Amino acid sequence: MTNSMGDADISQLEFLKRVQDRSLTVGVVGLGYVGLPLVRTFVASGFRTMGFDVDPSKVERLLAGDSYIGHIPSSWIADCVADGKFIPTPDMARLSEADALLICVPTPLTAENEPDLSFIRSTGQQIAKTLRAGQLVVLESTTYPGTTRDVLLPILESSGRTVGRDFFLAYSPEREDPGNREFETARIPKVVGGIDDTSLRLAQELYHSAVERVVPVSSCEAAEACKMLENTYRAVNIALVNELKVIFDRMKIDVWEVIDAAATKPFGFQPFYPGPGLGGHCLPIDPFYLSWIARRHGAESRFIELAGKINTGMPRYVADRLEAALLESGKTLAGSRICILGIAYKRDVDDPRESPSFELIDILRGRGAEISYNDPHIPRLPQMRRHDVPPLMSTPLTAEYLSHMDCVLIVTDHSSYDYDFIARHAPIIVDTRNATRAVVCKHARIYRA
Ligand SMILES: NC(=O)c1ccc[n+]([C@@H]2O[C@H](COP(=O)([O-])OP(=O)(O)OC[C@H]3O[C@@H](n4cnc5c(N)ncnc54)[C@H](O)[C@@H]3O)[C@@H](O)[C@H]2O)c1
């Protein structure tokens, strides 16, 4: 039996057989920081994997064997595109060619800080146009509990197909940790919830063939809530240590020393570290998804809101500390030359999304400072929706440049930085990451913030 696109419909048993003998075609929709590593995982497990993206420039780069994500080598892309193991395409009419479609599109916030599900909706509409019998659709994008059933399912069923009979639907949160070499996608346990038992079984078998461990839960909502718990847990605990940093600093106690000492407790304590504020696509955004859905259920999310308040106040705290550090050397912030070290939201990645460095640039420029920056992963400052970003290029970290600065502000502790060299030439360092803990050269005045 074939559908209107000429693609063969497959039964559940046939789906499982194809997973086993690797003749199943996987399709990943959204080839960003999450989707591309996921493609890699399925290709590595022996599946022909299609990659769909609405951004034609990404697809062109992939077809040319050129990676745009630091930890995915271009040579790997060139090889598996040439072998036909990875088929990148912007052509959504080809969505019907994949037996399983894994959705990894963005889930940002609207201008009102509410969930923006427009990417999930448009992907659902694209899939609905070509949906064929036997296809499994799995949403991986981070979102609030209820999205798969209440938002995606009706769009897919608008095709006239019925879930559990004609096609299958599950949710499995992505837990990618960019830059973490210890835990690549295949090594991170995959939580899966299905709309029904068959959907769960198919999704479980598919992931089981590519990742080390699959953790089934009773529903899509439980899987969606699991991701919300994980990220809220991090956001709240980071807020706690950020608040302790401010308190301990007043008491002249080094919060990083305290955390390291507490982390020697072999049970009941997990270390979290303070910083300049939250960044990345997840932690600054996901708690808003949860508090939004909580409100719709008439519930309050006080912890989340307090954590958000503390974390978003961190850039201002850092800027105040920097201003005080300059004053101790008889300088004012207005007119001072400040080097921002690290723009990416975390160590060793090239992702600037929601990075607190942009907020810091806004605040420091607003107080009259002259800003320049260095980030080996970000050669030029990108434009950001919520910030007025100056058109700057990364300045090489030479002795002349550093000694010409009034202060170096460490926002992101990339491992390629030579902190001894920096401390030998910069007059003042404000360190938000405890990156200078092992520095022996004491030329620079170093302040933790
Ligand atoms: N980046 C992370 O570390 C991380 C970790 C865990 C979960 N997540 C979640 O995973 C999801 C994806 O995040 P990301 O960081 O990979 O985003 P990203 O912006 O890097 O990539 C998303 C890709 O989807 C494409 N896209 C948008 N609409 C599309 C459509 N209709 N059809 C096909 N492609 C489309 C975009 O062009 C882009 O290339 C988000 O929900 C995010 O919260 C991200």
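Remarks
- Cα extents for segment 361-449 along the principal axes, largest to smallest and rounded to whole angstrom: 40, 26, 24.
- Debye-sum result for segment 9-131 in log10 I(q)/I(0), which assumes one identical scatterer on each alpha carbon, at q = 0.14, 0.16, 0.22 Å⁻¹: -0.61, -0.78, -1.27
- Residue 332 accessible area, 1.4 Å probe, all protein chains in place, Å² to nearest 10: 90
- Loop sites in segment 221-313: GluC sites (Glu not before Pro), DSSP, at most 12 other Cβ within 10 Å: 300
- Length added when fully stretched, residue 263-residue 367, from 0.36 nm per residue minus Cα-Cα: 33.6 nm
- Neighbourhood charge, 9 Å Cβ-Cβ cut-off, centred on residue 173 and excluding it, Lys, Arg +1 and Asp, Glu -1: -1
- Taking other residues whose beta carbon is less than 12 angstrom from the beta carbon of residue 210, and scoring Lys, Arg as +1 and Asp, Glu as -1, yields +2.
- Largest-first principal axis extents of the Cα set of segment 71-199 (Å): 42, 37, 32
- Across the accessible surface of the chain, with the other protein chains kept in place and a 1.4 Å probe, carbon and sulfur atoms take up 53 percent.
- Cross-link table 252/331; 245/442; 58/346; 129/227; 58/309; 129/346, entries beyond 27 Å C-alpha to C-alpha: 129/227; 58/309; 129/346
- Helix 220-250 axis, angle to the chain major axis (alpha carbon atoms, nearest 10°): 0
- Partner lysines for residue 17 [C-alpha distance under 25 Å; skip if fewer than 8 residues away on the same chain]: 85, 190
- The residues of the chain expose, per residue, 44 Å² of accessible area to a 1.4 Å probe.
- Taking only the Cα atoms of the chain, the ratio Rg/Rh comes out at 1.01, with Rh defined as the Kirkwood radius.
The values are calculated or read from the model by the stated rules, or taken from the named source; none is laboratory data. The model shown is predicted, which means the values in this text are computed figures rather than measured ones. Neighbour counts run over all protein chains shown; Cβ positions are idealised from the backbone, glycine included. Remember, those area values only see protein heavy atoms, side chains included, never the ligands or the DNA or RNA. Shrake-Rupley method; radii C 1.70, N 1.55, O 1.52, S 1.80 Å.
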